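First the structure, in the form of structure tokens, and then the observations on it.
Throughout, read-outs are computed from the coordinates displayed, never taken from laboratory work. Only a predicted model underlies this, so the values are computations on that prediction, with no experimental measurement involved. Cβ coordinates were reconstructed from backbone atoms using ideal geometry, including for glycine residues, and neighbour counts include every protein chain displayed.
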Ligand code: HXC
Ligand code: NAP
């Protein structure tokens, strides 16, 4: 019998916001040929890798975030690595006008948008009692309201008449009430609810809506902010059933599955990609408070 890699072996990834130096296709390279994806927060981290993997499968992309320079630099790298088009646009998902302008520019450029990935988010560690009213609201505005804004605008401008797919990047934080995360956990839980509501309401218009909930993912701002290096030092990986953090390419492969015809009968659900993490990870208040107070001192 020939030796095969383990079936939980992660694909290659790089920790930084650079494209992969090599890529082994697991799916058909033409899976998204002729498609166009609008990816919020696509200039960094998980969103950047989703853009790259979609483009490697034939898709053109629009990447949108507040910082035009960031998405413009990302777009150059993505186009050079994949040979597909990437349109970088400035937009704040909290502001419907700026998103509407971005969607209109995307439609002028590509004449279609097939896929929306709601990936933009904001997060930090903070105990509920120290969280200002505005801090809580800010995270809900970016994550939850931003997801609704982009979904509604794309539905009205294109999906209602042509069908489409929405992939909402959420998290498992609310499943067991993660400490110091009431803002992000509440925001992501609301998005998971929105996924079901919109899947039911927009299914007849041939719009599929799903969530993808990553666990701890290496090489991301999210993990850095949640004390990733400290958690690693405390042996986080040994607590995760699959004994390691996930990587951005793995999450991009999940998004590719949900966005593509492979998931043609999948809607209204959440794909958890966390190595089993939420089932076993301890919810350590004092250790989390230590990470938070060390971040406060910086
Ligand atoms: C407590 C904080 C804070 C912090 C900001 N605030 N940072 N409160 N701890 N570390 C408060 C501010 O004091 C202010 O409240 C309010 O939040 C809004 O802050 P602004 O800086 O004005 O907001 P804004 O410029 O809109 O920036 C949003 C942001 C910022 C979320 C605060 O960090 C950001 O832009 N983040 C984007 C990148 C990011 O977060 N990436 C990680 C996503 S990962 P007051 O009351 O003073 O006005 C992720 C992981 C999920 O989501 C799960 C992982 C397992
Ligand atoms: P990241 O690199 O910080 O990505 C967040 C992106 O959102 C940034 O590119 C940011 O760009 C953009 N953004 C933030 N606020 C915005 C706004 N108001 N309007 C438009 N764009 C905005 O973080 P990440 O770790 O890769 O996280 C990506 C997604 O995965 C998030 O939804 C996060 O919640 C989720 N997630 C991550 C992990 C993890 O381990 N990292 C785990 C679970 C879930 P600008 O600053 O330029 O606007």
| said: Checking the a/c ratio against 1.5 first, then a/b against b/c, what shape does the Cα gyration tensor give for region 1-147? | reply: oblate
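Can you give the convex hull volume per residue for the Cα atoms of the chain, as a whole number of Å³? Intermediate results must be reported in sequence, preceding the final value.
On the way: hull volume 41.1 nm³, N = 298.
So the per-residue Cα hull volume is 138 Å³.
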| query | How big is D, in µm² s⁻¹, for region 177-298 by Stokes-Einstein at 25 °C and 0.890 mPa s if Rh is the Kirkwood radius over C-alpha pairs? | reply | 153 µm²/s
| Using just the C-alpha positions of region 172-218 as equal point scatterers, what log10 of I(q)/I(0) does the Debye formula give at each q in 0.22, 0.24, 0.31 1/Å? | -0.77, -0.84, -1.08
| When all C-alpha to C-alpha distances in region 136-242 are sorted into bins of 10 Å, what percent of pairs does each bin hold, rounded to whole numbers? | 14, 39, 28, 15, 4, 0
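Can you order the peptides 212-218, 177-183 by their average number of other Cβ atoms within 10 Å per residue, highest first?
Put in order of decreasing packing, that is 212-218, 177-183.
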| Per-residue ellipticity at 222 nm for the chain, helices alone: DSSP H runs ≥ 4 residues times -39500 (n - 2.57), over residue total, nearest 500 deg cm²/dmol? | -12500 deg cm²/dmol
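Grab the alpha carbons of region 80-169, take their convex hull, and tell me the volume per residue in Å³.
Values: hull volume 10.9 nm³, N = 90.
Taking only Cα atoms, region 80-169 has a hull volume of 121 Å³ per residue.
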| Which of rounded, prolate, oblate describes region 29-78, given a ≥ b ≥ c as roots of the alpha-carbon gyration tensor eigenvalues and a/c under 1.5 marking rounded, otherwise prolate only if a/b is larger than b/c? | prolate
| Burial ranking of peptide ranges 2-12, 38-48, 125-135 (average Cβ count within 10 Å, highest at the top) | 38-48, 125-135, 2-12
| query | Given Cα pairs under 8 Å that are at least 6 residues apart, what percent is the relative contact order of the chain? | reply | 18 percent
| query | Fewest to most neighbouring Cβ within 10 Å: what's the order for 290, 60? | reply | 290, 60
| request: Rank the residues 61, 280, 195 as a footprinting-exposure proxy: fewest other Cβ atoms within 10 Å of their Cβ go first. | output: 280, 195, 61
